[in-house]
Amino acid sequence: MNKDLLSLYDLNRDDFDEIFRRSEKLKEMSKGGISYTPLRGKTLGMIFDKSSTRTRLSFEVGIYQLGGIATFLTRRDIQLGRGETVADTARVMSRYLDGIIIRTFAQELVDELAKWAIIPIINGLTDLLHPCQILADIFTIIEKKGRYEGMKIAYVGDGNNIANSWVNAAVELPFYLTLACPAGYEPDEFILQRGIKESEGGLALFHSPAEAVADADVIYTDVWASMGQEDEQKKRSVVFQDYQVNEKLISYAKEDVIIMHCLPAHRGEEITDEVIEGPHSVVLDQAENRLHVQKAIMEILMG
């Protein structure tokens, strides 16, 4: 792997598979009560401009289980919020820390931090991308389906950072990705067109959710309005009303389809209670696997 994890587009097939192998091994050791502390004495800096449940817990608990410690920072806690340059922040932090995970708005900030830091930078989420989430999702698919190769994965909803990262993963990995998004709410145009051109297993964009999920092995959805888009909630509720993952929609997929959601969920909007609590749902396994995959990422980059 490269020094940093900024985007799934930067990973090759071997990188993906190394992360999944280490995730499986670390999960086995954790479930077996085996202590494994390869990051003893190391410190992870955690810069969070956005609130979080799974990302914060998985990295903070994960570094502790690997023997290291975390220091949690918001923009109010560091001089970056008072005008210090990203370059100065990155170079100073590199003298104190062994790695940084950042959860923020602009992808450009993450990229700039990585440019100047000499320690690993991990993208914990931006408005454009969410690579750590998709790595945990694919690992969950491997657990549930035995493989990701040849799977049909259907994403239904907003063309947001989750959708963009699924497209980036599809460039390198041989699964078939379909996306169903309303007109005007498709994934980032550059990422989408690059994905269509370069995807390993095929990629298609639909405006019909039923077409996208037909014979799908996996159906994935996310909130209609992400953090920072709260003022668009009413408008989006109207635009996305036909994009709800419900019993009718999943009936078009394979009988053994699994349902995924990165959480938090707005139940009754993008997904019904009946589906998210139903027998096809793997959302809690998916959430747990953030911990094991984050540990693998830190072990590989910081070990």
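All of the numbers you see were taken from the coordinates with simple rules; none came from a lab. This one's a predicted model, so the numbers in the text were calculated from it and none came from an experiment. Quick reminder, even Gly has a Cβ in these numbers, built from the backbone with ideal geometry, and neighbours come from all protein chains shown.
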Inset, instruction - May I ask you to derive the relative contact order of the chain, considering only C-alpha pairs under 8 Å and at least 6 residues apart, and to give it as an integer percent? - result: 20
Inset, instruction - Sort region 157-303 into rounded, prolate or oblate with this rule: let a ≥ b ≥ c be the square roots of the eigenvalues of the Cα gyration tensor; rounded if a/c is under 1.5, and if a/c is not under 1.5, prolate when a/b is larger than b/c, oblate otherwise. - result: rounded
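Going down the table (Lys3/Lys27; Lys27/Lys254; Lys3/Lys152; Lys50/Lys145; Lys31/Lys145; Lys50/Lys144), which pairs top 27 Å between alpha carbons?
From Lys3/Lys27; Lys27/Lys254; Lys3/Lys152; Lys50/Lys145; Lys31/Lys145; Lys50/Lys144, over 27 Å: Lys27/Lys254; Lys3/Lys152; Lys50/Lys145; Lys50/Lys144.
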Legend entry - Point-to-point label distance, Val61-Ala106, nm (Cα→Cβ direction, 7 Å offset): 3.4
Inset, instruction - Using a cut-off of under 17 Å, list every residue of region 120-154 whose amide N is near the label point 7 Å from the Cα of Ala204 along the Cα-to-beta-carbon line. - result: 150-154
Legend entry - Neighbourhood charge, 9 Å Cβ-Cβ cut-off, centred on Gly159 and excluding it, Lys, Arg +1 and Asp, Glu -1: -3
Legend entry - For region 41-54, 3J(HN,Hα) per residue [Karplus equation, 6.51 cos²θ - 1.76 cosθ + 1.60, θ = phi - 60°, Hz, x = Gly/Pro]: x, 9, 10, 9, x, 10, 9, 10, 8, 10, 5, 7, 10, 5
Inset, instruction - Treating only the Cβ atoms of Lys and Arg (+1) and Asp and Glu (-1) as charged, compute the dipole magnitude of region 133-285 about its Cα centre; round to the nearest 20 debye. - result: 180
Legend entry - Residues His266 and Ile196, FRET efficiency given R0 of 45 Å [Cβ-Cβ distance, rounded to 0.05]: 0.95
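Is it possible to state the helix-based mean residue ellipticity at 222 nm for the chain, with each DSSP H run of 4+ residues giving -39500 (n - 2.57), the sum divided by total residues, to the nearest 500 deg cm²/dmol? What is it?
Details: 12 runs with 129 residues, N = 303.
After summing the helix terms and dividing by residue count, I get -13000 deg cm²/dmol.
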Legend entry - Among Asn289, Asn160, Asn246: highest mean-square fluctuation, GNM of the chain, C-alpha pairs under 10 Å: Asn246
Inset, instruction - Please list, or write none, the aspartates and glutamates whose alpha carbon is within less than 18 Å of the alpha carbon of Lys234, excluding same-chain residues fewer than 8 places away. - result: Asp158, Asp222, Asp242, Glu269, Glu270
Legend entry - Given charges at beta-carbon only (K, R positive; D, E negative), |dipole| of the chain in Debye: 1100
Legend entry - HN-Hα J in Hz across region 283-298 - Karplus 6.51, -1.76, 1.60, θ = phi - 60°, x for Gly and Pro: 5, 6, 5, 4, 5, 4, 5, 4, 4, 5, 6, 4, 4, 4, 4, 5
Legend entry - Segments 97-107, 177-187, 139-149 sorted - mean Cβ within 10 Å per residue, highest first: 97-107, 177-187, 139-149
Inset, instruction - Count charges around Asn168 for me, please; just the other residues with Cβ under 11 Å from its Cβ, Lys/Arg as +1, Asp/Glu as -1. - result: -3
Legend entry - Gained length - Lys31 relative to Gln233, 0.36 nm times residue gap less alpha-carbon distance: 68.7 nm
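Within 13 Å, Cβ to Cβ, of Val239, how many net charges do the neighbouring residues add up to if Lys/Arg are +1 and Asp/Glu are -1?
Local charge sum for Val239: -3.
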